[in-house]
Structures are given as structure tokens and as C-alpha cells.
Amino acid sequence: MQNFNLIDSPWIPVRWRHDASAETSPLVSLKTAFARSSEIADLDCAPHERIALTRLLVCITHAALGAPEDEDEWDEFGTNFSEDIIAYLKRDDIYPHFNLLGDGPRFLQSKKTTAKSSEGYPLCKIFFQLASGNSPKLMDHWGEDARPWEPAAAALGLLTLQNFFVGGSMASKVKGNGPSLKSLQMLLLGDSLKETLLRNCIDLETLKQTGAEIGTPVWESPADNNLLARLAPTACALWLSDDYATTLIDQGHQYPEFEAYRDPFATTLTIKDNRRLLRANLEQGIWRDLHLVTNLKHTDEASGPLNLQAFNNRHTLKQHTNLWVGELVKAKDAKIIDCTESTFTVPQQLFSEDGRKIYANGVDHADAISKKLYGAIKTYWGALKHENPPVPSAQKHYWHQLDLKHRTLIQMAGDTESRRGLPAIGEAGAVDAWTKLVQSTALDAFNSVCPRSTPRQIQAYANGIKPLMKALYPKPPKAPKQPKKSSSIPNIQSEMKL
């Protein structure tokens with residue numbers, strides 16, 4: 001058995017900055033990640049791995065450096081970033097907890113005394129992207145047969161499973177989910193790994209808004225429900241075999257879900273008096289919820305992520321801020337469906353009430369026209385007695401084009417001053433870029449599935465497009481009729497008769 005310590009051994013996939021001063025490698029250890037954090041541009045991994053790795057690195061940063069009390073203490077935070085964190089990781093009471101194997105403490109692992117090695121599951125089961133059991137994958141046909149695992153891959157899979165444990169065939173032994181599930185995670189991106197990590201740290205004043213405490217990581221004390229224990233979680237009692245072929249899985253710490261605990265990287269909103277976490281919808285682009293993510297207020301109705309609120313507290317948001325948003329999406333039957341991610345360069349005004357209102361109006365207008373498009377296509381094909389109109393094809397065309405050009409709406413929300421005094425998006429007389437884009441896209445989508453080559457088709461086309469055109473080009477409301485004024489000129493003929 002060869003030991004593999006995550007502090008000294010390379011396992012974190014990264015992309016280097018173009019000005020890196022020394023030899024570079026696609027995988028780095030924790031020590032190198034922090035020692036050369038200013039030379040590393042970003043993590044280089046799948047969305048769920050990015051979330052798990054960022055949470056771990058932020059956890060280590062807070063564990064080593066503490067956390068500012070409030071916005072006034074941010075200037076001094078991270079002054080000796082690399083030196084202090086590496087010194088923390090090298091401590092005698094910390095270093096052994098990052099061993100991947102061995103009889104002593106292990107990284108995010110524990111073993112029940114009654115566990116038997118024959119009860120182990122194939123290691124492929126902890127990787128969501130691989131085929132195992134009744135979970136076939138298009139590009140993976142290995143199944144549950146033994147695979148040649150590298151320690152680096154096993155370490156990353158272990159960390160990811162603890163964050164996103166969802167059960168499945170292993171659910172009979174474990175209750176609860178990983179703390180990173182069931183929410184759209186938002187991470188602030190910097191020009192380097194160091195800047196990214198510092199941007200995602202949280203001060204105690206912001207954290208106390210949710211009633212939580214910073215706590216300690218699981219390698220320092222038993223798992224609890226506070227911040228650091230959730231950033232590097234132990235949702236399962238895992239124990240890797242010495243050859244990385246199998247893993248034992250048992251009950252770990254059961255983390256409470258929202259509303260009992262507010263995840264620091266999640267957005268909350270209220271729908272019909274029900275407060276919930278913002279989730280990804282695979283049928284629509286993440287950009288359609290960007291105005292919710294950029295909400296800097298902490299209220300019961302809506303609240304942006306705590307890391308964004310803390311970043312705003314210590315900095316006046318710059319002209320542009322880079323955000324990464326993504327989620328590992330699960331189904332109700334505990335199966336992983338897919339993962340999704342988007343990166344946005346957000347102008348400062350989109351964090352203001354005026355900018356968010358413009359953006360929300362643009363999304364609402366696009367959604368309203370989508371419904372009008374649905375009705376127009378149904379009317380067209382209903383006139384032709386067609387029972388299955390190609391509405392999904394048109395809707396896909398419509399939203400795909402808006403997905404490609406959603407930056408237009410971001411730019412409008414970032415220039416609130418130029419919008420003052422003009423008609424709102426979609427209203428009568430509106431000639432802004434987003435209104436025009438929605439108009440042309442909706443007409444293209446309608447024309448793509450509604451031909452007009454025959455007399456019957458022409459008549460059906462006229463019936464269908466009429467209500468759509470009214471929605472796309474609304475007329476201003478008619479002014480109320482003014483009452484007729486009574487004439488002051490006397491009726492001469494009447495007077496002569498008298």
C-alpha cells in the first residue's frame with residue numbers, strides 16, 4: 001500500500017496563467033495550489049468537481065486564516081495568504097488527516113467497526129459520470145468491472161461524493177444528502193486561484209444573518225452543521241480499499257437541509273409564500289434567473305448568495321464582476337440527471353434595483369411572447385385540423401436564439417441611465433435592442449413551423465400570426481374621448497321664431 005497525501009501529492013486539475021514563472025503541471029497538490037495560487041488561472045474540471053474543490057479550498061482558507069468580523073477587517077485578511085495556509089496544512093495535528101490511505105486518520109473517511117471488506121461497492125459507483133449497475137452511460141461501457149484507478153482520481157471522486165451524495169443503490173445504508181445538492185451554486189471568479197478563493201470567503205457579520213456559525217472543519221473536530229463542516233462534508237462513512245477497487249459506505253453525518261441551514265453559495269427566493277433555494281432548470285438557460293442571483297439584499301422574499309453579499313460588503317463592485325453558476329441536477333428518484341454551468345461577466349448596474357428590474361422585465365417579456373407563440377402555432381395548425389402541432393420545435397428555436405444572444409439583455413441592464421424616460425421592454429413604442437430581438441426571433445420561430453404555400457395555409461397563417469403580431473407590436477392605449485363643449489353662440493333661428 002502506497003500512501004498518498006493530498007497536501008504533497010498532485011490531484012487537483014488546474015489551468016495555469018500565461019505568465020507562470022516555473023514548471024507547470026495539469027495536476028497540483030494542495031501545497032502547490034496555495035503556494036502558487038497567484039500563478040494558477042482557474043480549476044480545470046467538471047461543474048460538480050469545481051463546486052466540491054472550491055468548497056474544500058475555501059474551507060482550508062478559513063480554517064487557516066479565520067474570518068473577518070465585519071467589512072472593516074477585510075483589508076487585512078489574507079495578507080500572508082500562502083505562507084499561513086501552508087503552515088496550517090503542515091501542522092502535526094492536521095497533516096495526517098489528508099492521507100488517502102493508511103491505518104490512521106484519512107481524508108474525509110471513517111470506518112464502522114462492524115464493516116466487512118466483502119460489503120464494499122465498486123469504486124465506479126462514487127463517480128456520477130461513469131456507468132455502474134443500472135446507470136448506463138453513452139461513452140462508458142466498463143460497468144462495475146474492476147478498473148485501474150489512480151489515487152488522484154479516487155481522491156477527487158471521494159470529495160465529490162461527500163458533497164453530492166444522493167443515495168441510489170447505496171441509499172439503504174445512508175440517510176440524507178450531500179450539502180451541495182438541491183441548489184444552484186454561485187462562485188465568484190477572480191484573475192487567479194488566490195483571488196477566486198478570497199472572493200468566496202465570508203465575514204462573520206454576513207454569516208450571522210442566517211443564524212449560522214463558522215465552526216471548525218471535520219479534520220479538527222467531529223462533524224456538525226456549521227459552515228466549515230459543510231464545506232468539506234462527511235455525508236457518508238467511506239473507506240477506500242488499499243487497491244482502490246472498492247469502497248465501504250455507511251451512515252455519515254446527516255446534514256440538515258434548507259430552511260434549517262442556508263448554504264453560503266445558494267440563492268433563496270419566495271414563491272407563493274414558500275421560501276426555497278433557487279434550482280437549475282435543464283429546460284431553460286441559467287441566464288433567465290441571473291437577476292435573482294445578483295440580488296444583494298438579505299430578506300425573506302429573496303436573497304443572493306452569502307459570498308456575493310460579503311464581497312459587496314468589502315468592495316464596491318467593480319465595473320464588471322465574473323460569476324460562475326452551476327448545479328449537479330438530481331431527479332426525485334435519487335438519480336443524477338445532468339450537470340449544468342454558465343459563466344457571466346456582470347456589469348455593476350445589474351446588482352442595483354434598477355438594473356435588476358430591467359433584466360427581470362426582459363426575461364418576463366421573453367416568457368410572455370413564448371406563450372403567445374405557443375397559442376399562435378396552435379391556432380395555425382388547428383385551422384388545418386392538425387392534432388400534433390410542432391410547438392416544441394418552434395419553442396426550441398425561439399429560446400435557443402435568445403440563449404445565444406442573452407448578453408444583449410445583460411448590457412441593457414448595465415446601462416440604466418440610457419433607459420430613463422423610454423418605454424419599458426415590450427411596451428408600445430419600445431425600440432430597444434432586446435424588444436427587437438424578441439420580435440425577430442418569435443417571427444422566425446413561427447415561420448419555421450408554419451408554411452404558407454397553399455391557400456389553406458395562407459388563411460391559417462393569417463389567423464395564427466394576427467394575435468402574435470398584436471403581442472409583439474402593441475399599440476398605445478387610446479386616449480379617452482373628451483366630452484363635447486357646449487357652444488356659446490346663440491341659436492338665432494330659434495330666437496326669431498319666438
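Overview of values
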quantity: Members of region 297-319 that are part of a helix (DSSP H, G or I) and of a type in the set (A, V, I, L, M); calculated: LEU306, LEU308, ALA310
quantity: Filter result for the condition that a residue is surrounded by fewer than 17 Cβ atoms within 10 Å (Cβ to Cβ) and part of a helix (DSSP H, G or I), over GLU73, GLU49; calculated: GLU73
quantity: Residue count, region 411-435 (criterion: under 26 Å from TYR461 (Cα atoms) and exposed (fewer than 13 other Cβ atoms within 10 Å of the Cβ)); calculated: 3
quantity: Top-ranked residue in region 144-198 [being modelled with pLDDT under 85 and acidic (Asp, Glu); ranked as farthest from THR54 (Cα to Cα)]; calculated: ASP145
quantity: Answer residue from region 81-121, given it is part of a loop (DSSP other than H, G, I, E, B) and under 31 Å from the mean Cα position of the chain (by Cα) and is surrounded by the fewest Cβ atoms within 10 Å (Cβ to Cβ) among those; calculated: SER110
quantity: Odd one out for ASP203 among (1) at pLDDT 95 or above; (2) buried (at least 23 other Cβ atoms within 10 Å of the Cβ); (3) over 30 Å from TYR121 (Cα atoms); calculated: (1)
quantity: Boolean, ALA460 is crowded, with 20+ Cβ neighbours inside 10 Å, at pLDDT 95 or above and under 25 Å from GLN284 (Cβ atoms); calculated: no
quantity: Long-range neighbours under 7 Å by Cβ, at least six apart or interchain, first residue in the same structural domain as ILE369 (by TED's automatic domain parsing) within region 444-470, second part of a helix (DSSP H, G or I) and among the β-branched types (Val, Ile, Thr); calculated: PHE446/ILE377; PHE446/ILE465; VAL449/ILE377; CYS450/ILE377; ARG452/ILE458; ASN463/THR379; GLY464/ILE377; GLY464/THR379
quantity: Region 19-34 - residue that is of a type in the set (Gly, Ala, Ser) and out of contact with any Asp or Glu (no Cβ under 9 Å at 6 or more places or on another chain) and, of those, surrounded by the most Cβ atoms within 10 Å (Cβ to Cβ); calculated: ALA33
quantity: Residue in region 410-428 that is farther than 28 Å from LYS478 by Cβ and without any contact (Cβ under 8 Å) to a residue 12 or more places away in the chain present; calculated: yes
quantity: Unique residue being under 17 Å from ASP191 (Cα atoms) and modelled with pLDDT under 95 when the list is ASP19, ASP44; calculated: ASP19
quantity: Verdict on SER9 being at pLDDT 95 or above, of a type in the set (Gly, Ala, Ser), assigned to a loop (DSSP other than H, G, I, E, B) and within 18 Å of PRO151 (Cα to Cα); calculated: yes
quantity: Odd one out for LEU308 among (1) under 17 Å from ARG356 (Cβ atoms); (2) surrounded by fewer than 21 Cβ atoms within 10 Å (Cβ to Cβ); (3) out of contact with any Ser or Thr (no Cβ under 7 Å at 6 or more places or on another chain); calculated: (2)
quantity: Subset of region 453-465 (residues that are within 17 Å of VAL391 (Cα to Cα) and of a type outside the set (A, V, I, L, M, F, W, C)); calculated: GLN457, TYR461, ASN463, GLY464
quantity: Region 347-402 - residue that is of a type in the set (D, E, K, R) and over 30 Å from GLN319 (Cα atoms) and, of those, surrounded by the most Cβ atoms within 10 Å (Cβ to Cβ); calculated: LYS372
quantity: Within region 218-296, strands (runs of 3 or more DSSP E) holding 1 or more residues that are within 22 Å of the chain's Cα centre (by Cα); calculated: 268-271, 274-277
quantity: Leading residue by the ranking (modelled with the highest pLDDT) among those in region 113-143 that are within 21 Å of LEU181 (Cβ to Cβ) and charged (D, E, K, R); calculated: LYS125
quantity: Yes/no for GLN439 being within 17 Å of LYS405 (Cβ to Cβ) and surrounded by 12 or more Cβ atoms within 10 Å (Cβ to Cβ); calculated: yes
quantity: Qualifying positions in region 219-276 - more than 30 Å from GLY102 (Cα to Cα), surrounded by fewer than 19 Cβ atoms within 10 Å (Cβ to Cβ), among the hydrophobic types (A, V, I, L, M, F, W, C) and in contact with a strand residue (DSSP E or B) (Cβ under 8 Å, 6 or more places away or on another chain); calculated: PHE258, LEU269
quantity: Residue identified as farther than 23 Å from LEU404 by Cβ and either among the aliphatic types (A, V, I, L, M) or modelled with pLDDT of 90 or more (or both) among LEU282, LEU277; calculated: LEU277
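For every residue, the table says whether it meets (1) over 24 Å from the mean Cα position of the chain (by Cα); (2) aliphatic (A, V, I, L, M).
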position: ILE358; (1), (2): no, yes
position: GLY362; (1), (2): no, no
position: ASP367; (1), (2): no, no
position: LYS378; (1), (2): yes, no
position: GLY382; (1), (2): yes, no
position: HIS400; (1), (2): no, no
position: ILE425; (1), (2): yes, yes
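The values are calculated or read from the model by the stated rules, or taken from the named source; none is laboratory data. Everything numeric in this text was worked out from a predicted model, so none of it was measured. Glycine gets a Cβ as well: all are built from the backbone with ideal geometry, and neighbour counts include every protein chain shown.
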